Structures are given as structure tokens and as C-alpha cells.
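These notes are about the structure you will find just below.
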Amino acid sequence: MSHYDPNARRDSWGSTRATPPSIGIPIDASLRAYMLRVYNYMSGGFALTGAVAYGAESSGFYQAIAATPLIWLVMLAPLAFVLVLIFGIQRMSAATATLLFWIYAAVMGLSLGSIFLVFTGTSIARVFFITAATFGAMSLYGYTTKSDLSGFGSFLLMGLIGILIASVVNIFVGSTALQFAISVIGVIVFVGLTAYDTQRIKEMYLDSDTNEVEGKKAIMGALALYLDFINLFMMLLQLFGQRRQD
């Protein structure tokens, strides 16, 4: 497996050169500050998602729309927002991208409100802490490892595409065995993506030239880790969540 120098910078031709020792420490300090910014965005987004999801269920909002066409709008809205962020961020200001990220996190909360109707609160909390511990360990690995994880990117992408296709098929098939397989493979894929995306976010930082670009890249990094966390949580919930009996 190849290795890379975390203090290397890319020049305009795509090659890498080692950072002079005299500026290595400032770059490391600014990198830590940047990563902390990414994690703060991600954590804040997930906290907002959880609060909105709980509020939607406890207020009766989700129960009220569950049998209406509005449920499809709530379920599909997060996809629309994430596509706008991914494909439109280059044309946005950092402030606009940040606002859309918070709106997306809130809309995702509305979409996830159904988990409180399906699973017990105790099992949701238990799976959340399992997810947080797993995510934290793999993100730390991605941040500290000297191994180049880019080679796993295509493999993880293929796994993600396979999960999406299988999930769509299972909507019509309704197979519990297939759902179990999707969840197991999904855990493996999103555990890998957590480490891969963390390392990729570090490399994105090294290519940043302005505060404006860094601000938008921090949002995109937070979005990537947020999606890894949410999907890992949902896969683990399918495996270990305790369903309500009523």
C-alpha cells in the first residue's frame, strides 16, 4: 500500500513537493483548526437533524402526513437539497452554502422522523452511541494514517451504487433477507467511507487558496461526513434497533 506525506503540497502541475520544515508547524495548526471547523459543522448538522426529527414525531406532524402525498415531498426533499449543494456549490458564496447546509440538516430531520414511530427510543439512543464510537474511531484513523486510502475510493463507490440499487429493488420486493444483506454491506461501506472521506478532506484543505474556497470546502467536507454518519446510523439501526410492538 502506498504512503503519502501529510505535509506535502500540490503544485500547479499536480505533482507534490514537501513543505519546508519552517512552515510545517503553522500548516499543521491551521489544518487542525480547519478540521475542527468541519467537525463542528457536521456535529451541529446532526444535532439539528435529531432535534427536528424528535420534534416532528412528538408534535404529531409526522403521524399527520404519513398517509398523505405530502410524505413523499418530505422524504425526497433532502435528496434535492444535497444535489443542489453538491453540483451548485461552485457558484455559491460560502454564506449561501452554509445556509443550505443547515436547511438540509433540518429537512433531513423531517425525513427521519419516522424512526421514532418504528423503533424504541432506547434502541435509537443505543445505536446512536454505537455509531458515534465507530465513526469517531474510523475518522481518527483516516486523519492520522499515513497510508493512502484513495485506492479504496472506487471500491467504496461501487459498493455504494450497489446498495442504492438493491435498496430500490427491495422497495418492491420487501425481502427481510435482502434488507439484512444491504445493512451489513452498508455498514462496511460507510465505515470505509468515513476514513476515506476524512483523509480526502485533509487533501482538499491543502489545495485551498482563499478563505472563501476554504469555507465552501469546509461545508462540503462536513456534508460528506454528515452523510457517512447518517447512513451508518441507519444501517446499524436496521441491524440492532428494537422495533415497537404497538
Exercise for review: Give me the angle, in degrees from 0 to 90, between the Cα long axis of helix 153-173 and the longest principal axis of the Cα atoms of the chain, rounded to the nearest 10.
Suggested key: 10
Study note, to complete from the structure: For the stretch 158-246, listing GluC sites (Glu not before Pro) in a DSSP loop whose Cβ sees at most 10 other Cβ atoms within 10 Å gives none
Study note, to complete from the structure: Residue separation between Leu79 and Ala181 times 0.36 nm, minus their alpha-carbon distance, gives in nm 34.4 nm
Study note, to complete from the structure: In order over the stretch 45-50: 3J(HN,Hα) from phi, Karplus 6.51/-1.76/1.60, θ = phi - 60°, whole Hz, x for each Gly or Pro, gives x, 5, 4, 5, 4, x
Exercise for review: Between beta-carbons, use under 12 Å as the cut-off and find the net charge around Ile115, counting Lys and Arg +1, Asp and Glu -1.
Suggested key: +1
Point to revise | Tail fraction, Cα-Cα pairs, the stretch 97-142, threshold 13 Å, whole percent | key: 68
Exercise for review: When a/c is below 1.5 the answer is rounded, else prolate if a/b is larger than b/c, else oblate, so apply that to the stretch 118-172 with a ≥ b ≥ c taken from the square roots of the Cα gyration tensor eigenvalues.
Suggested key: oblate
Exercise for review: Kindly identify the stretch 128-246 as rounded, prolate or oblate by the Cα gyration tensor criterion: order the square roots of the eigenvalues as a ≥ b ≥ c, call it rounded if a/c is under 1.5, otherwise compare a/b with b/c, prolate if a/b is larger, else oblate.
Suggested key: prolate
Exercise for review: Classify the stretch 8-240 as rounded, prolate or oblate from the Cα gyration tensor: take a ≥ b ≥ c as the square roots of its eigenvalues, call it rounded if a/c is under 1.5, otherwise prolate when a/b beats b/c and oblate if not.
Suggested key: prolate
Check your understanding: So, with +1 on the Cβ of K and R and -1 on the Cβ of D and E, and no other charges, what is the size of the charge dipole of the stretch 8-240 about its Cα centre, to the nearest 20 debye?
Key -> 160
Check your understanding: Which one of Gly142, Phe81, Gln63 has its Cα pushed farthest toward the positive end of the charge dipole of the stretch 8-240, where Lys and Arg give +1 and Asp and Glu give -1 at the Cβ?
Key -> Gly142
Study note, to complete from the structure: For Leu164, placing the label point 7 angstrom along Cα-to-beta-carbon and taking the stretch 77-108, residues whose amide nitrogen sits under 13 Å are 79-80, 82-84, 86-87
Review point. Which angle from 0 to 90°, rounded to the nearest 10, does the C-alpha axis of helix 176-206 make with the longest principal axis of the chain?
Key: 30
Review point. What number, rounded to the nearest 500 deg cm²/dmol, is the helix-based mean residue ellipticity at 222 nm of the chain, given -39500 (n - 2.57) per DSSP H run of at least four residues and division by all its residues?
Key: -27000 deg cm²/dmol
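No value in this document is a laboratory result; all are computed from the given coordinates. All of these numbers come straight from a predicted model, not from anything done at the bench. Quick reminder, even Gly has a Cβ in these numbers, built from the backbone with ideal geometry, and neighbours come from all protein chains shown.
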